[in-house]
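> Quick one: the structure is below, and I'll ask about it shortly.
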Amino acid sequence: MTNEWWREAVFYQIYPRSFSDSNGDGIGDLRGVLNRIDYLKDLGIDALWLSPFFPSPQVDAGYDVSDYRNVDPLFGTLEDFDELVHACHARNIKVTIDIVPNHCSNQHELFKAAVLAGPNSPERELFHFREGRGEHGEIAPSNWTSAFGGPSWTRITEPDGTQGQWYYHLFDSSQPDFNWEHPAVIAEFENTFRFWLDRGVDGFRIDVSDALIKDTSFADTDGGYPLIPKDDTCSIHDIYRKFREIMNQYDGDRMAVIETGAEDEIVALFIRPDEMHLAFNFHFLKSAWGADLIKHAIEQSLSANAIVGASTTWVIDNHDNPRSVTRYASTTHLDGHYVPAVYTDLNEQDIEAGKLRSRAMALLMLSLPGAAYIYNGQELELPNVDDLPNEVLQDPVFFRTNGEQKGRDGCRVPMPWSGTQSPFGFGPDQSQPWLPMPNYWGDLSVETQLQNGASALNFYRRLLALRRQMPVLRQGTVTIEESGNPNVVKILRENVGAKVLIITNFGDESYFVHDDLAKKTLIASNPTDNPYEVTGNSTVLIEIN
Ligand code: NOJ
């Protein structure tokens, strides 16, 4: 691995509340992660990304932060965090954490102070407070809507008890947006970065990275969704240059990956050499299973990133999207970000096909150059849990859309570790996990999968070991070759003399590889006895010389 380890690292996303519960309160915690550290080592990942574990009212599962520089007692203590970093580093695993700069919780001291200080106070300038429209200010300042559904303005009760100003929130009403044009906001986050860098973290994932600078005219838009400026003229890039300077002051190649749903060419602007390091390839994640869509996503993201010298960051699963097994069980393109509308018709799904396809995509993405992210449970091929009863749902998306959208809880159900009944080793026996786990998940547990050589977990372990051994799987060039079949994508990968072919068959019928290739199958997502066969819905990796 190069010094810039992040360019080709495999990151493992831990959603702390769903990974492992050490104390039996039904919610995963940092000691739970510590207890499973050898599992992570054996899986063969290079780095962790921990979703938020900071003090928070947990309205948006911790993405509503009330103190950026501490650990929520729900997840443990700062000492637990330090111990975890130490234990990871001792095993050559880097630790990256989430920074949520766009908004905080309405329970954050700065927001509480802003409400108390009254209109036109300096405290209010750290957020976006505006007077309402209408005779008594009773109409929201603009028609902008929240990414979670409903309006993006909430009116406050002023300290004197009257109905007063409104504040802007891109997400839930409990998540007021910061005013990033204010130096005190920049200083606040500079302190936060330094706090965690000083504690030894190797990097950050930056939430909603592209929305920090708004069109503060807040003028009505068609459809009510905010216009978010982010091209090269936008001062948002100065913010990232500042963050980069801070990281550069530390040794050890600290890094940041940004979350943005922008088009490939815009994403690339944020990962120029003096801005951030990596950006999730959501074009790839959101592409439905199909040769043309996936090929296009690969080509376009690679060429946009090549212009700025950035590596690509492959991802098919995270805590905001229905799990890939379920997504690929149908061939619907994923359009909405927080409100995936495509999973309502369970009859159209073929989960067995979804599993084959998810594994085929994992082999494809982990053989492409660049970094990659795996989301906890992806390596077990957990399906999305689409039949959670409404009473247990917690995602604000469910509430803000008045139940029209179920939200994201279905991809956040805790990990099954062992045993035959809930909580499947997630927490101590008898404890109730924060979301119910399906009865059949014993068959998918880590314990069960470790005993089966053909399991998803063992496949991921073999694949990550191979990737570690063979630099050509993480570095070098990508040439898309003619496969002679519209459903088959054939990619030649070359790196200092080493050559491999990735063949992904998006069709249902088998594809047969030309026998003039000196053929050595390195790994196949759905192995068969015939060395020339790539079965439908699978990927094969072939070494050529
Ligand atoms: C993106 C995060 O991944 C998501 O879980 C969260 O709800 C929103 N940002 C708001 O912070």
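> What do you get when you divide the Cα radius of gyration of the stretch 477-544 by 2.2 N^0.38 Å, with N the number of residues? Numbers along the way, then the final one.
Working: Rg = 11.2 Å, N = 68, 2.2 N^0.38 = 10.9 Å.
Compactness ratio reported: 1.02.
> Can I ask one more? I need the phi-derived Karplus couplings for the stretch 168-174: 6.51 cos²θ - 1.76 cosθ + 1.60, θ = phi - 60°, integer Hz, Gly and Pro marked x.
Those phi angles translate into 8, 9, 5, 10, 6, 5, 7 Hz.
> For the stretch 37-50, in order, what is each residue's ³J(HN,Hα) by Karplus, 6.51 cos²θ - 1.76 cosθ + 1.60 with θ = phi - 60°, in whole Hz (x at glycine and Pro)?
Along the stretch 37-50, the couplings run 5, 6, 4, 5, 4, 5, 5, x, 7, 9, 8, 9, 10, 9 Hz.
> Using Cα centres only, tell me the gap between the stretch 27-93 and the stretch 421-439 in whole Å.
The stretch 27-93 and the stretch 421-439 have Cα centres spaced 20 Å from each other.
> Please report Rg (one decimal) and Dmax (integer) in Å for the Cα set of the stretch 38-86.
12.5, 35
> How do the peptides 245-254, 493-502, 368-377 rank, highest first, by the average count of neighbouring beta carbon atoms within 10 Å per residue? Could the numbers behind the result be given before it?
Numbers: 245-254: 14.1, 493-502: 16.6, 368-377: 24.4.
Per-residue Cβ counts within 10 Å, averaged per peptide and sorted highest first, yield 368-377, 493-502, 245-254.
> Can you figure out the FRET efficiency of E404 with C234, using R₀ = 41 Å and their beta-carbon distance, to the nearest 0.05?
Values: r = 33 Å, r/R0 = 0.80.
Step by step, r from the Cβ atoms, then E = 0.80.
> Still on this structure, please answer the following. For helix 183-198, what angle does its Cα long axis make with the longest principal axis of the chain, in degrees from 0 to 90 and rounded to 10?
Around 40 degrees separate the two axes.
> Quote the FRET efficiency, to the nearest 0.05, computed for D198 versus F512 with a Förster distance R0 of 51 Å and r equal to the Cβ-Cβ distance. Working shown, then result.
Numbers: r = 57 Å, r/R0 = 1.12.
In this case the efficiency is close to 0.35.
> Angle check, please: helix 78-90 long axis (alpha carbons) against the longest principal axis of the chain (alpha carbons), in degrees 0 to 90, nearest 10.
With rounding to tens, the tilt is 20 degrees.
> Using amide H atoms built in the peptide plane, which far-off residues or other-chain residues are under 5 Å from A279 H to H?
Under 5 Å from the amide H of A279 lie the amide H atoms of I258, T313, each far enough along the sequence or on another chain.
> Highest mean first, how do 258-269, 51-62, 476-487 rank when packing is the count of other Cβ atoms within 10 Å averaged over residues? Before the final figure, lay out each step's value.
Numbers: 258-269: 19.7, 51-62: 22.1, 476-487: 13.7.
The most tightly packed comes first, giving 51-62, 258-269, 476-487.
> At 222 nm, what helix-only mean residue ellipticity would the chain give, in deg cm²/dmol to the nearest 500, using -39500 (n - 2.57) for each DSSP H run of four or more?
Estimated from H runs of four or more residues: -7500 deg cm²/dmol.
> Could you state the per residue volume, in Å³, of the convex hull enclosing the Cα atoms of the stretch 421-510? Spell out each step's value before the answer.
Values: hull volume 15.6 nm³, N = 90.
For the stretch 421-510, the hull spanned by Cα atoms encloses 174 Å³ per residue.
> Please give the direction-averaged projected area of the C-alpha convex hull for the stretch 109-168, in square nanometres with one decimal. Please list the in-between numbers first.
Numbers: hull surface 17.3 nm².
Projected area, direction-averaged: 4.3 nm².
> For the stretch 107-113, just list the computed ³J(HN,Hα) in residue order, Karplus coefficients 6.51, -1.76 and 1.60, θ = phi - 60°, integers in Hz, with x standing in for Gly and Pro.
With the stated coefficients, the stretch 107-113 comes to 9, 5, 3, 5, 6, 4, 5 Hz.
> Estimate the FRET efficiency between N458 and A306 by the formula 1/(1 + (r/R0)^6), using the beta-carbon distance for r and 41 Å for R0, to the nearest 0.05. Display every interim value, and only then the final one.
Working: r = 35 Å, r/R0 = 0.84.
Efficiency, rounded to the nearest 0.05: 0.75.
> Could you order peptides 158-166, 233-241, 315-323 by the average number of other Cβ atoms within 10 Å of their residues, highest first?
Working: 158-166: 14.2, 233-241: 16.0, 315-323: 23.7.
Ranked from most to least packed, the peptides come out as 315-323, 233-241, 158-166.
> Moving to a separate point now. Mind pulling the angle between the C-alpha long axis of helix 291-308 and the longest principal axis of the chain? Nearest 10 degrees, somewhere in 0 to 90.
Once rounded, the angle reads 60 degrees.
> DSSP loop GluC sites (Glu not before Pro) in the stretch 170-221 with at most 16 other Cβ atoms within 10 Å of their Cβ, which ones? List each step's numbers first, then the result.
Details: sites: E181, E188, E190; in loops: E181.
Answer by residue number: E181.
> Still on this model: Would you list, by chain and number, the lysines whose Cα falls below 21 Å from the Cα of K41, excluding same-chain residues fewer than 8 positions away?
Within the straight-line limit of under 21 Å, K41 reaches these lysines: K94.
> Follow-up. Residue farthest toward the positive end of the dipole of the stretch 364-522, with Cβ of Lys/Arg at +1 and Asp/Glu at -1: which of P486, L522, T401?
The one lying farthest along the dipole's positive direction is L522.
> Please get the size of the charge dipole for the chain, origin at its Cα centre, with Cβ charges of +1 on Lys and Arg and -1 on Asp and Glu, quoted in debye to the nearest 20. Please report the intermediate quantities before stating the final value.
Details: 44 positive and 79 negative charges, 269 e Å.
Using only the charged Cβ atoms, the result is roughly 1300 debye.
> For the chain, compute Rg over Rh where Rg is the Cα radius of gyration and Rh is the Kirkwood radius from the inverse mean 1/r over Cα pairs.
On the way: Rg = 23.4 Å, Rh = 24.2 Å.
Rounded to two decimals, Rg over Rh is 0.97.
> Still on this structure, please answer the following. Run the numbers for A498 and T479: contour at 0.36 nm per residue of separation, minus the present Cα-Cα distance, in nm. Spell out each step's value before the answer.
Details: separation 19, 0.36 × 19 = 6.84 nm, distance 1.37 nm.
Gain on extension, A498 to T479, equals 5.5 nm.
> Can you give the charge dipole size of the stretch 477-544 about its Cα centre, rounded to the nearest 20 debye, using +1 on the beta carbon of Lys and Arg and -1 on the beta carbon of Asp and Glu?
Numbers: 5 positive and 10 negative charges, 58 e Å.
With only Lys, Arg, Asp and Glu charged at Cβ, the dipole is about 280 debye.
> Which loop-located trypsin sites (Lys or Arg not before Pro) does the stretch 174-208 contain, where loop means any DSSP state but H, G, I, E or B and the Cβ has at most 15 other Cβ atoms within 10 Å?
Details: sites: R194, R199, R205; in loops: R199.
Listed in order of number, the matching sites are R199.
Where a number appears in this text, it was derived from the coordinates with a stated rule and is not lab data. None of these values were measured; they are calculated from a predicted model. Neighbour counts are summed over all protein chains in view; Cβ atoms, including those assigned to glycine, are modelled from backbone coordinates with ideal geometry.
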